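We did not get these values from a lab; they are worked out from the coordinates using the rules stated. Just so we're clear, the structure is a prediction, and the values are computed from it rather than from any experiment. No Cβ is skipped: glycine too gets one built from the backbone with ideal geometry, and neighbour counts run over all protein chains shown.
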Amino acid sequence: MRTAAKIMVLLVLLCSTEALALPYQSYSFDYWSETVSAAQAYVTRRVMGSRELGATLSNPQDIFVTDEYIFLLDTGNNRILVFDHEWKLSHEISEFENSGEMDKFNNPRGLYVSPEGILYVADQNNARIVQMTQEGQFIQAFGEPKSDVEGVIPEGFRYRPRKIVVDVAGRMYVISEGTFDGILEFDDAGQFRGFIGAPRIRPNIVDYIWSRIVTDEQRSRRALFLPTEYSNLHIDESGFIYATVSGLTTNETDAIRRLNPSGKDVLRRQGFFPPVGDVQYPYAGLGASIEGRSVFVDVVSREHGIYSALDIRRGRVFTYDSNGSLLYVFGGPGDQIGLVQGPAAIEALGDNLLVLDSQLARITVYEPTPYAQYIHAAIAHHQAGEYEQAADMWRRTLAYNANLDQAYSGIGRSLLRQDRFAEAMEYFRLGNNRRDYSKALALYRREVIFDNFPTIMTGLVAAALGLFLLIKTKPYAPLKERLNSYYGWNPHSRHQTAFAQDDVSGWRLKARLTIRALWYAVYVSLHPFDGFWDLKYEKRGNMAASNILLVLLVFTNAFGRQFTGFVLNPNDLTKLNILMEVAVVMVPFVLWVVVNWSLTTLFEGKGTFGQIWIATAYSLTPLILVNIPMTIVSNFITLEEAAFYYVITAIAGVWALALVFIGNMVTHEFFVAKTIWSSCFTLAGMLLVAFIGLLFFSLIGEMTNFAASVYREVTFRM
């Protein structure tokens, strides 16, 4: 036992030493986009610079791997270096014979090698695509695109090919620098076929409204809403083109696109968030001082639908599965071994990943750890239909990283295939997988109903019969009359009655009045005009009851936040903030009451501050009545049935807003038109007060920071 313990401690220390030796941290993002720690997926195997490669590199821009060779585009030296898989230099392509004369590249930026061994080079400054054998023998060159159709090629278009891929039919897809119309498509003969896959633009609502009201002169001076250009291309075995979008003005979810031959984006974005790199930035670690979202410079597809993208902003590699779920992250910015200063390209060599650094002129070779290998194996087994083996691989990954949500989901899918629905639901919950949890819930619910159908039907019949007898015999009538007499409430009339006891006084009297006023909230919800009139003139409500209603609303909101069914509840249950729950209810409520009272006092409103408070609190009763039942029901419905939940809660919200409107009208004795504009002014006043309040607290914070800095400076100099 002691020997085993010593071995275990030694292994832990060795793993810790390896983790500490890496210059970058591994992490991931959970369902709420929070950064969580993760095991290292890839570690640095070797770094290949000019000395290791036996050739001086200058601004290398691309790399391509075939079954036999590794092609390195040494842009600064206008050449291509060809290595075998052991990094031994096979040959160099720096010049070639073209029409009887020697020709050279001029600032080549991209290359592609077809399965047949045909090499395509995007020769940028020569405005051409060079086609040659992988040994360097020239075949032909394709020049600038031409079209007989006017308008297909934009006016002032300048052809500067930067990246290229070729499909199995020989069609070439080219990125031209400075082109915003999409990817240029050429047939196998080099004839231009048009543009495909232009990145979409989505101006925000403010830009759209402003563009409709400005003059033509102002509109001409504004920046154009241009789609951003692509930065790189990669074509997978199925002929789909992975493309990375450069720039920051495009829709963030389109950072990576997967285009079919017609140019339609078919990339799956079914993870917790789209494949956009860092979700929260800056990350508290290496590269934390670098601001802005990730910008991908290259992408490479791998086996089983996995693909990896290289972030030019922070030098990190993000790997996703076929559904767009983040699997792991590694790398970082810097010049240490394992870091990247100028990310330029990424390629896969078996399970290894090659990252090209243009600034440091070197290639970093990363190899997978057992953690990454288990992830890859789990995905491979799942796609092969070997679900038990996939679950076993996922369990092994959890031994390395308990934060990997995809592992829980993978185990859940395996259990789902085995008809172990309850266990699958638990794993889907651990993996925050609401879509598959909903499927398991539907199957589990059906299983429970089928297995217990006789018992359920017997219970329903007994309940119906009991309800029928309860209505017919009314055994509760004496108790009901006693309660009505005790609290002085006649349910058949608006008018209150006297208490049955003459000696009621003190706190007992206040308690009974409050309970009666609380019960009257239901009447107000169903008969708003009579109810609000009685609240004001018959004193059927009181401040204590209205405050209790507010407390109940806070409680039911918090209850709903914590206990709404998993399928419909996106909240992190570990982060309940009761002060925030109170603020969500009380801040808008108090703002409404204060601003409404202030404005209606100026506009001849008849309501006092207390009457507005009471009427508004009573108006929120539908939310209280609906929150608890719908929270309970939500635990038994699936995503397909969620519309029922949302419709009921929406009806309650509209009902409450209608009561606020009617209460405002009755309390102030306004007509409908005056109530409408007074409500609009109240909402505008609430926004103004909120803005002033935020500005005030911001100034207080700045003053506090200034005073603290002055105090630190004085104490330091003393």
Cut-off under 23 Å on the C-alpha distance; same-chain residues fewer than 8 positions from Lys104 excluded. Which lysines are left, in chain and number order? Lys163
For Ala402 and Leu639, what does the FRET efficiency come to when R0 = 41 Å and r is the distance between their Cβ atoms, rounded to the nearest 0.05? 0.95
Can you quote the Å³ per residue value for the convex hull of the Cα atoms in the chain, rounded to an integer? 315
Footprinting exposure proxy for Val174, Val647, Val276 (fewest neighbouring C-beta atoms within 10 Å first): Val647, Val276, Val174
Rel. contact order, % - alpha carbon contacts under 8 angstrom, at least six apart, the chain: 8
Report, in listed order, any pair from Lys606/Lys674; Lys510/Lys536; Lys536/Lys674; Lys539/Lys606; Lys264/Lys439 with a Cα-Cα distance greater than 24 Å. Lys264/Lys439
Given 20 °C and 1.002 mPa s, compute D for the stretch 505-700 with the Stokes-Einstein relation, Rh being the Kirkwood radius over Cα pairs; round to the nearest whole µm²/s. 118
With angles folded into 0 to 90 degrees, how steeply does helix 672-717 sit against the dominant principal axis of the chain? Use alpha carbons for both and round to 10. 60
Taking Cα atoms, how many degrees apart are the long axis of helix 370-383 and the longest axis of the chain, rounded to 10 and kept between 0 and 90? 80
Dipole of the chain, positive direction: furthest Cα of Val65, Ala708, Ala656, with charges on the beta-carbon: Ala656
Could you tell me which of Ala544, Tyr427, Leu339 has its Cα farthest along the dipole of the chain towards the positive end, charges placed at Cβ (Lys, Arg +1; Asp, Glu -1), taken about the Cα centre? Ala544
Can you compute the helix-only [θ] at 222 nm over the chain? Use -39500 (n - 2.57) per DSSP H run of at least 4 residues, normalise by all residues, nearest 500 deg cm²/dmol. -14500 deg cm²/dmol
Taking 8 Å as the Cα distance limit and 6 or more residues as the minimum spacing, I'd like the relative contact order of the stretch 505-700 as a percentage. 28
What list do you get for Tyr159, Tyr112 if you sort them by fewest beta carbons within 10 Å? Tyr159, Tyr112
At a 10 Å Cβ-Cβ cut-off, how would you order Glu229, Glu713, Glu447, fewest neighbours first? Glu713, Glu447, Glu229
For Lys472, the lysines lying under 18 Å Cα to Cα, once residues fewer than eight places off in the same chain are dropped, come out as Lys480
Degrees between helix 609-619 axis and first principal axis of the chain (Cα, 0 to 90, nearest 10): 70
Round to the nearest 0.05 the FRET efficiency obtained for Ser33 and Ile449 when R0 = 51 Å and r is the Cβ-Cβ distance. 0.85
For the stretch 383-453, what is the per residue volume of the convex hull drawn over the alpha-carbon atoms, in cubic angstrom? 77
Quick check: pseudo-label points 7 Å beyond the Cα along Cα→Cβ at Asn571 and Trp507, how many nm apart are they? 3.2
